[in-house]
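Take a look at the structure below.
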Amino acid sequence: MRPDMRVTLIIGGGIAAYKCLDLIRQLRALGVRVTPVLTRAATQFVTPMSVAALAGTQVHQDLFDLKDEAEMGHIQLSRASDLIVVAPATADLMAKMAGGHADDLASTLLLATDKPVLIAPAMNIRMWAHPATRRNLAMLQADGVQVIGPNSGDMACGEYGPGRMSEPAEIVAAIAARGTSGPLSGKRVLVTSGPTHEPIDPVRYIANRSSGAQGTAIASALRDLGAEVIFVTGPATIPAPQGVTLHRIETAREMLATCLAALPVDAAVMAAAVADWHIASDFTQKIKKGPQGIPELKLSENPDILATLCAHDQRPRLVVGFAAETEHVIAHATAKRARKGCDWIVANDVSPATGIMGGHENAVHLITDQGSEDWPRLPKTQVATRLAARIAQALA
Ligand code: C5P
């Protein structure tokens, strides 16, 4: 664990909150900076004063505390963290997270953050077993939230079974192990995703139909194998994954600059549907209809990010490009692999009849120096899992 790691610890309102005092003590002993956030219910179980004393810093409680919002609002709390830990994660907090509620500081922070989130659930065994909690848990895991516990044992409510919050030492170990397990641990992977928007004037732009679904699934799958993922996305229609370093860009030129700034990386997966051209003229005002007639838009070529990375003196060891084709898929993709200088091309047929662009499934061919492999039509998440496993093999 990095000694200067910054953890924001959200303490939920359950009897297990008392264990957080020890958790803070153990984390601080390892040099971790802990910023505590208490829910209203948590203050029934631990006092802000004892939490602040152990954390050696102020406790944050109120979304509408003007002093806090000026100095350390929910966005700033997220920015100033490497990891958000929720302990105990009560059934109510999990439901709020899964539903995207934002009615207090803790839930607003959890909705606003792009940092990895680790939760340590704790609740009565019947609440843990309830279908609503099972659903919420599955949704949170699909969102990339890491879950530790709960353990089985005697419960404060007099019952026995799963529901006890993990012990502080177990939570500390889970925090320390983050990114150090899995075949891609210690590896940095750059993933581009989504469309780009190329402005015509301040209110109009040129775009394409990419949803960002395949790139997002690849980023999640690489993260799940332990990679540090740098995710550079255009304005996609689906949400970015959690637990990755997120960079939102609009234009191809911004995407190139962000990718170059991310180097060095071990591998790059360029799944973005980058616009080939941008508008050459710089319209600083909205183009108006008028007697001057229909405007002529002059286009200028965008940089090829994939080719630039392949020719770079910090070229990643493995560069994977994509080829969206509407005919002669394998022949065009094989030529593209050679032209761009990348190691692999993931090729697919995006003719409207396939329903692939913007859909949930993909049928791809993996083009390597060994030739072409045809993968069956699969959900985009499974294409991503397969590709991530192949990347892990190649980087091993
Ligand atoms: O040339 P084409 O757009 O078909 O190439 C597709 C591949 O190249 C994708 O991996 C895409 O992300 C990447 N690309 C790029 N920069 C561009 C155009 C495409 O990185 N300007």
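The set of residues in the stretch 299-325 that are away from the ligand (no atom under 11 Å from the Cβ) and not in a strand (DSSP E or B) comprises Ala311, His312, Asp313, Gln314, Arg315, Pro316, Arg317. Of all the criteria given as (1) assigned to a strand (DSSP E or B); (2) open to solvent by 20 Å² or more (accessible area, probe 1.4 Å); (3) at pLDDT below 95, the one not satisfied by Ala176 is (1). For Thr196, indicate whether it is assigned by TED's automatic domain parsing to the domain that holds Val265 and farther than 26 Å from Ala394 by Cα. Against the criterion (assigned by TED's automatic domain parsing to the domain that holds Val265 and farther than 26 Å from Ala394 by Cα), Thr196 qualifies. Looking across the stretch 378-396, the residues that are in contact with a strand residue (DSSP E or B) (Cβ under 6 Å, 6 or more places away or on another chain) and under 17 Å from Ser211 (Cβ atoms) come down to Pro379, Lys380, Val383. Residue pairs whose Cβ atoms lie under 8 Å apart, sitting 6 or more positions apart in sequence or on different chains, and linking a residue in the stretch 316-338 that is at negative phi to a partner that is within 9 Å of the ligand (Cβ to nearest atom) and open to solvent by 60 Å² or more (accessible area, probe 1.4 Å), are Ala323/His332; Glu325/His332. Among the conditions (1) open to solvent by less than 70 Å² (accessible area, probe 1.4 Å); (2) closer than 21 Å to Tyr205 by Cβ; (3) not polar (S, T, N, Q), Leu299 misses just one, which is (1).
Restricting the stretch 283-296 to residues that are hydrophobic (A, V, I, L, M, F, W, C) and surrounded by 10 or more Cβ atoms within 10 Å (Cβ to Cβ) leaves a set whose member that is farthest from the ligand (Cβ to nearest atom) is Ile287.
I need the full set of residues from the stretch 217-241 which are open to solvent by less than 40 Å² (accessible area, probe 1.4 Å) and assigned to a loop (DSSP other than H, G, I, E, B), in order please. Passing the criteria: Gly226, Ala227, Gly234, Ala236, Ala240, Pro241. Of all the residues in the stretch 2-51, those that are surrounded by fewer than 18 Cβ atoms within 10 Å (Cβ to Cβ), under 23 Å from the mean Cα position of the chain (by Cα) and of a type in the set (A, V, I, L, M, F, W, C) number 0. Among the residues of the stretch 273-282, the ones that are open to solvent by less than 70 Å² (accessible area, probe 1.4 Å) and modelled with pLDDT under 90 come to 1 in all.
Only residues that are of a type outside the set (S, T, N, Q), touching a residue at least 12 places away in the same chain (Cβ under 8 Å) and assigned to a helix (DSSP H, G or I) were counted across the stretch 130-147, and they come to 5.
Name the single residue, out of those in the stretch 243-268 being in contact with a strand residue (DSSP E or B) (Cβ under 8 Å, 6 or more places away or on another chain) and open to solvent by 40 Å² or more (accessible area, probe 1.4 Å), that is nearest to Thr381 (Cα to Cα). This residue is Thr245. Set side by side, the residues Ala261, Ala240, Ala217, Ala207 differ, and just one is in contact with a Phe, Trp or Tyr (Cβ under 9 Å, 6 or more places away or on another chain), small (Gly, Ala, Ser) and more than 14 Å from the ligand (Cβ to nearest atom), which is Ala240.
The values are calculated or read from the model by the stated rules, or taken from the named source; none is laboratory data. Predicted, not measured: the structure shown is a model, and the values here were computed from it. Glycine also receives a Cβ, built like all others from the backbone with ideal geometry; neighbour counts cover every protein chain displayed. SASA here: full protein model, heavy atoms, side chains in, ligands and nucleic acids out. Shrake-Rupley method; radii C 1.70, N 1.55, O 1.52, S 1.80 Å.
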